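Participant: Pasting a structure below so you can have a look.
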Amino acid sequence: MVTEAKTWHYAAHLQRTRIDAHREIEELEIDFHFLVVALVRLRRSVSLAATVPEVAFELGFAMTAFDDRLPNLKSLGDVAEHVDDYTLDIGRNPRIRRHGLQVMAWTSSQDGDLVWKWLGSDLDVDTAVSAATDLLASLKRAVRQVAETRDQGSPDRSG
């Protein structure tokens, strides 16, 4: 799961780089959607890793911190994943209607960070990528701690 998480973390950074290039609005929209996919898949890969009992607590805490920093990511990801249902107004969230799918805007935060506004949600690009970096770091730390603990518990085979 670390390799998968690293891949999606890299994808999130790649999308930020593309977004920072400030191209046409259509390209920004595409890159935003790919950023959401990368963040959701990173979160999913860490969630799978958290099924390992030795890391469950630490990763649960890290995922909560990630979710707190990106409170609308799940909703954005769900809509992006099931856009066909939402386009037909049969998505699970009745507050999201098809006409809202096409209403989006870019703005800047007080810190000057780029913020995507879509479906009544704001996603600060730099906050999102920073949260992704922190989540990956937590996963790596947890895996390293498990490996060290297992190494300490292994019998000495040196002879």
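Participant: Relative contact order of the stretch 4-62: what whole-number percent is it, with Cα pairs under 8 angstrom and at least 6 residues apart? The partial results should precede the final answer.
Facilitator: On the way: 41 pairs, mean separation 22.3, N = 59.
About 38 percent, as a whole number.
Participant: Using a 1.4 angstrom probe on heavy atoms only, work out the carbon and sulfur share of the accessible area of the stretch 1-148 in %. Walk me through the numbers before you get to the answer.
Facilitator: On the way: 4610 of 8550 Å².
Carbon-and-sulfur percentage of accessible area, whole number: 54.
Participant: Tell me the per residue accessible area of the chain using a 1.4 Å probe; a whole number in Å² is fine. Please list the in-between numbers first.
Facilitator: Values: 9790 Å² over 159 residues.
Using a 1.4 Å probe on heavy atoms only, each residue of the chain averages 62 Å².
Participant: I'd like the distance between the alpha-carbon centres of the stretch 24-48 and the stretch 50-68, rounded to an integer number of Å.
Facilitator: 20 Å
Participant: Separate question: When the chain is treated as a GNM, springs tying every alpha-carbon pair under 10 Å, which of T64, T107, T149 comes out with the largest mean-square fluctuation?
Facilitator: Maximum among the listed residues: T149.
Participant: Starting from 0.36 nm per residue, how many nanometres of slack lie between D151 and R92 once their C-alpha separation is accounted for? Before the final figure, lay out each step's value.
Facilitator: Values: separation 59, 0.36 × 59 = 21.24 nm, distance 4.67 nm.
Gain in length upon complete extension: 16.6 nm.
Participant: Next question. What is the extension gain from K117 to T17, computed as 0.36 nm multiplied by their sequence separation minus the C-alpha to C-alpha distance, in nm to one decimal? Each step should come with its number before you reach the end.
Facilitator: Values: separation 100, 0.36 × 100 = 36.00 nm, distance 1.86 nm.
Fully extending the segment from K117 to T17 adds 34.1 nm.
Participant: Next up: Would you calculate a helix-derived [θ] at 222 nm for the chain, using -39,500 (n - 2.57) for each DSSP H run of n ≥ 4 and dividing by the full residue count, to the nearest 500? Please list the in-between numbers first.
Facilitator: Values: 6 runs with 104 residues, N = 159.
Helix contribution divided over all residues of the chain: -22000 deg cm²/dmol.
Participant: Quick one, could you list the DSSP H helices from the chain stretching 18 Å or more along their long axis (Cα atoms) with average Kyte-Doolittle hydropathy of -1.0 or above? Please report the intermediate quantities before stating the final value.
Facilitator: Numbers: long enough: 2-20 (27 Å, -0.85); 25-49 (36 Å, 0.87); 53-69 (25 Å, 0.15); 125-153 (42 Å, -0.12).
Length and hydropathy pass: 2-20, 25-49, 53-69, 125-153.
Participant: Still on this structure, I have one more. Compute the relative contact order of the stretch 1-148 as a whole-number percentage, counting only Cα pairs closer than 8 Å that sit 6 or more residues apart in sequence. Walk me through the numbers before you get to the answer.
Facilitator: Values: 172 pairs, mean separation 40.0, N = 148.
Reported as a whole number, the value is 27 percent.
Participant: Would you mind telling me which residue in E54, E26, E81 has the biggest mean-square fluctuation in a Gaussian network model of the chain, where springs connect alpha carbons within a distance under 10 angstrom?
Facilitator: So, out of E54, E26, E81, the one fluctuating most is E26.
The values are calculated or read from the model by the stated rules, or taken from the named source; none is laboratory data. Not measured: the values here are computed from a predicted model. Surface accessibility is based on the protein's heavy atoms, side chains included, excluding ligands, DNA and RNA. Shrake-Rupley method; radii C 1.70, N 1.55, O 1.52, S 1.80 Å.
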